[in-house]
1. What is the number of the single condition among (1) in contact with a Gly (Cβ under 6 Å, 6 or more places away or on another chain); (2) part of a helix (DSSP H, G or I) that Pro120 does not meet?
2. Among (1) farther than 25 Å from Gly182 by Cβ; (2) out of contact with any strand residue (DSSP E or B) (no Cβ under 9 Å at 6 or more places or on another chain); (3) part of a helix (DSSP H, G or I), there is one condition Gly296 misses while meeting the rest; what is its number?
3. For segment 134-154, name all the residues that are without any contact (Cβ under 8 Å) to a residue 12 or more places away in the chain and surrounded by 15 or more Cβ atoms within 10 Å (Cβ to Cβ).
4. Considering only residues that are in a loop (DSSP other than H, G, I, E, B) and not polar (S, T, N, Q), look in segment 123-133 and name the one that is farthest from Gly82 (Cα to Cα).
5. May I ask you to list the residues in segment 276-318 that are among the basic types (Lys, Arg) and over 24 Å from Leu102 (Cα atoms)?
6. Checking the condition of a type in the set (Ser, Thr, Tyr) and surrounded by 18 or more Cβ atoms within 10 Å (Cβ to Cβ), which residue from Thr264, Thr222 passes?
7. Confirm whether Trp131 is crowded, with 18+ Cβ neighbours inside 10 Å, touching a residue at least 60 places away in the same chain (Cβ under 8 Å) and within 22 Å of the chain's Cα centre (by Cα).
Amino acid sequence: MPTRRTLLATTLTLALPSLTRAQSNPLRIVVPFPPGGGADAVARQLQPPLAELLGLPVLVENRPGASGALGSAAVARSAPDGLTWLLVFDSHTVNPALIPDLGFDTERDFVPVMRIGTAPMLLNAHHSRPWRSPAALIAAARERPEAITYGTIGNGTLAHLAISVAQRAAGFRVTHVPYRGGGPLALAAVAGEVDLSIATQTIFNAHYASGALVPVVQTGATRSPRFPTLPTLAEAGVPGLDARAFWGLVGPAGLSAAVLARMTNALGQALQLAPVRQRLGTLGLDDDALGPEAFGAFLAQQTAFWGRVVRENGIRAE
């Protein structure tokens, strides 16, 4: 009896034009960040099912540098033959405002395929600090402006921008301490080098279990089903803020409709597989995929919103 995956692969092959199987080049998913990070982990969870569904070897290629801009530029310049794709993170929508000489246009030079998932960021207090609610934290920050410190994975990141918005909206000031990536941030947070730390749950999972860090608030517009008891910044007096990390797939501009449809369908099928859903959930992703048109609108909205935040707060790249 044919397996469910075999039937899915056969359906995709028959229903849509396939890439030439005789091609020697594998399909590449470029991750513009180092191995071991969240974007890399998402790409590697999708690698095996996409290879099976598409009937092609699939490679994950890490091309880090300049907050994802170097790898993105390489994909923007690649041939639109369906063999090169880009795994994007929320920095994709911040970089146009943060890096003046980006070398490509994130809207004109890419075609959206699918938003894979999102995750709220969690603002955590070190266990030795007294704040256990957003109201208590904001009150303390108002009482002692800039005395409380918060760490992020870098200057100009979504976490940095989200706190910048929250400070203006709620009338408090805290001091930003940027670190170079999730590993250094986690070590500093657990050691109590900073009062607060903010990133997606993946970076801090082990430290929640140990009690070293205590989540105080989440940054989505509504409560994530993964953290139903944790209040949002909106509930804490910062209305209109929806600062969720996201992961998605785009391709170079000029892709044919058939090639785009084939990848969209394959990725959609992969995201419905129970093992993939479970593993992405373990990484902290909420299951809220968007197709090409909706994902394109989401990217445009995020680019406009966070670009405005960068300009209004005079934020510069490190």
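The values are calculated or read from the model by the stated rules, or taken from the named source; none is laboratory data. All values reported here derive from a predicted model rather than from experimental measurement. Counting neighbours? That spans all protein chains shown, and the Cβs are built from the backbone with ideal geometry, glycine included.
1. Only one criterion is unmet by Pro120, namely (2).
2. Among (1) farther than 25 Å from Gly182 by Cβ; (2) out of contact with any strand residue (DSSP E or B) (no Cβ under 9 Å at 6 or more places or on another chain); (3) part of a helix (DSSP H, G or I), the lone unmet condition for Gly296 is (2).
3. Ala140, the sole residue that qualifies.
4. Taking the candidates together, the pick is Pro130.
5. Passing the criteria: Arg277, Arg279.
6. Thr264 is the lone residue from the list that is of a type in the set (Ser, Thr, Tyr) and surrounded by 18 or more Cβ atoms within 10 Å (Cβ to Cβ).
7. Considered against the rule, which asks whether it is crowded, with 18+ Cβ neighbours inside 10 Å, touching a residue at least 60 places away in the same chain (Cβ under 8 Å) and within 22 Å of the chain's Cα centre (by Cα), Trp131 comes out as no.
Residue-by-condition table, conditions (1) closer than 27 Å to Ile99 by Cα; (2) among the polar types (S, T, N, Q):
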position: Thr149; (1), (2): yes, yes
position: Val165; (1), (2): yes, no
position: Gly171; (1), (2): no, no
position: Val217; (1), (2): no, no
